[in-house]
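Q: Handing you this structure, nothing more for now.
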Amino acid sequence: MHIHQTAGDVVATQIRRHRERLGMNRHELAAECARLGRPDITYAVIVSIETGRSSGGGKKRRPVDVDDLFVLGLALATPPLLLMLPLGSEATVPTVPAADPRDPYTVWQWVTGAATPTLDGPIDGRYVTDSRQFAGTGQTWAAAWATAAYPASLYPEFERRLAAVYRAYLRTETNQAKGGDAEAETDYLHRLEELARHIDDMVRAGLKVPALRRHLIEDMRGLDMLDNPDSVTPEE
């Protein structure tokens, strides 16, 4: 075993920390959880979470499952993931029992799919990815992780490209009122084509494309930018 602290210990500490940050007592937190549809997260449950022990002697802590984490995060006006991975307030957090604790931001990147976990090591001072292969597919562990994590990179990039399209579109609208601007129109079409290519990537990956404003869909379809024009639907 590499660690003594568990993820549950971190979550319990952060629940108490954020409750106190808000000047909220345990009865008030329980009432807020009830408002969110979890009346079973009572005052007594919160006491058990915050003060119980994960192992050893003393009163055993009531574990926090994923459903609890989401409700408690919202009740505490805190992103639920920050209850498990407190960026900036802890030097390290536990990973898995067979590996060393790591800094919260490194683990944050793993959890959000932004980076591949490096649990093996340290080897010559560095942590490395798992080099094993899955017998059924022959894929390495790292390759399998990258495949599963691919959507985590596509959706944020979709939002970035969509925001760029909206900015370019507003610029064309503004300039048209002043007599038109060929440069603004060219930039809008360039941004729209970049978004269309990204939508094609999402469709090839089997992902659902978020709904778009109708005029953007009409422009992409009219200019034959999409490999599969029916892959996008208008906002209601």
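Q: Cβ contacts < 7 Å: first residue under 12 Å from MET24 (Cβ atoms), restricted to region 72-90; second residue part of a loop (DSSP other than H, G, I, E, B) and of a type outside the set (Val, Ile, Thr), any location; separation 6+ or different chain. Result?
A: Note: pairs meeting the criteria are ALA75/LEU36; LEU76/LEU22; ALA77/LEU22.
Q: Scan ASP68, ASP9 and give me the residue that is under 29 Å from ILE123 (Cβ atoms) and not in a loop (DSSP other than H, G, I, E, B).
A: Being under 29 Å from ILE123 (Cβ atoms) and not in a loop (DSSP other than H, G, I, E, B) holds for just one of ASP68, ASP9, which is ASP9.
Q: Among the residues that make up region 162-174, is at least one of them at positive phi and open to solvent by 50 Å² or more (accessible area, probe 1.4 Å)?
A: So far as region 162-174 goes, no, none of its residues is at positive phi and open to solvent by 50 Å² or more (accessible area, probe 1.4 Å).
Q: Would you pick out the residues in region 218-236 that are within 18 Å of ALA163 (Cα to Cα) and within 27 Å of the chain's Cα centre (by Cα)?
A: Once the filter is applied, which keeps residues that are within 18 Å of ALA163 (Cα to Cα) and within 27 Å of the chain's Cα centre (by Cα), region 218-236 yields VAL232, THR233, PRO234, GLU235.
Q: Can you spot a residue in region 121-134 that is touching a His at 6+ places or on another chain (Cβ under 7 Å) and modelled with pLDDT under 95?
A: no
Q: Okay, next question. Which residues, counting only those in region 25-59, are farther than 14 Å from LEU76 by Cα, open to solvent by 70 Å² or more (accessible area, probe 1.4 Å) and either modelled with pLDDT of 95 or more or aliphatic (A, V, I, L, M) (or both)?
A: PRO39, ASP40, TYR43
Q: Let me ask another. Report, ordered by the first and then the second residue, all pairs with beta carbons closer than 7 Å, sequence separation of six or more or different chains, a first member in region 212-235 that is over 15 Å from PHE158 (Cα atoms), and a second member that is surrounded by 13 or more Cβ atoms within 10 Å (Cβ to Cβ) and hydroxyl-bearing (Ser, Thr, Tyr).
A: So the pair list comes out empty.
Q: Return yes or no: is ALA182 more than 30 Å from PRO117 (Cβ to Cβ) and open to solvent by less than 50 Å² (accessible area, probe 1.4 Å)?
A: Against the criterion (more than 30 Å from PRO117 (Cβ to Cβ) and open to solvent by less than 50 Å² (accessible area, probe 1.4 Å)), ALA182 does not qualify.
Q: When SER131 is evaluated against the numbered criteria (1) assigned to a helix (DSSP H, G or I); (2) in contact with a strand residue (DSSP E or B) (Cβ under 9 Å, 6 or more places away or on another chain), which criterion, by number, is the only one it fails?
A: With (1) assigned to a helix (DSSP H, G or I); (2) in contact with a strand residue (DSSP E or B) (Cβ under 9 Å, 6 or more places away or on another chain) applied to SER131, the lone miss is (1).
Q: Which one of ALA114, ALA98 is open to solvent by 70 Å² or more (accessible area, probe 1.4 Å), in a loop (DSSP other than H, G, I, E, B) and within 30 Å of LEU216 (Cβ to Cβ)?
A: ALA114
Q: I need a count of the residues in region 137-154 that are part of a loop (DSSP other than H, G, I, E, B) and either touching a strand residue (DSSP E or B) at 6+ places or on another chain (Cβ under 7 Å) or closer than 16 Å to THR118 by Cβ (or both).
A: So the count comes out to 1.
Q: Inspect region 1-19 for any residue being more than 28 Å from ALA152 (Cβ to Cβ) and modelled with pLDDT of 90 or more and give the result as yes or no.
A: Yes, some residue in region 1-19 is more than 28 Å from ALA152 (Cβ to Cβ) and modelled with pLDDT of 90 or more.
Q: Restricted to region 82-95, and to residues that are aliphatic (A, V, I, L, M) and crowded, with 17+ Cβ neighbours inside 10 Å, which residue is nearest to GLY37 (Cα to Cα)?
A: Checked region 82-95; the qualifying residue nearest to GLY37 (Cα to Cα) is LEU83.
The values are calculated or read from the model by the stated rules, or taken from the named source; none is laboratory data. Predicted, not measured: the structure shown is a model, and the values here were computed from it. Virtual Cβ from ideal backbone geometry, glycine too; neighbours counted across all protein chains shown. For accessibility, only protein heavy atoms count, side chains too; no ligands or nucleic acids. Shrake-Rupley method; radii C 1.70, N 1.55, O 1.52, S 1.80 Å.
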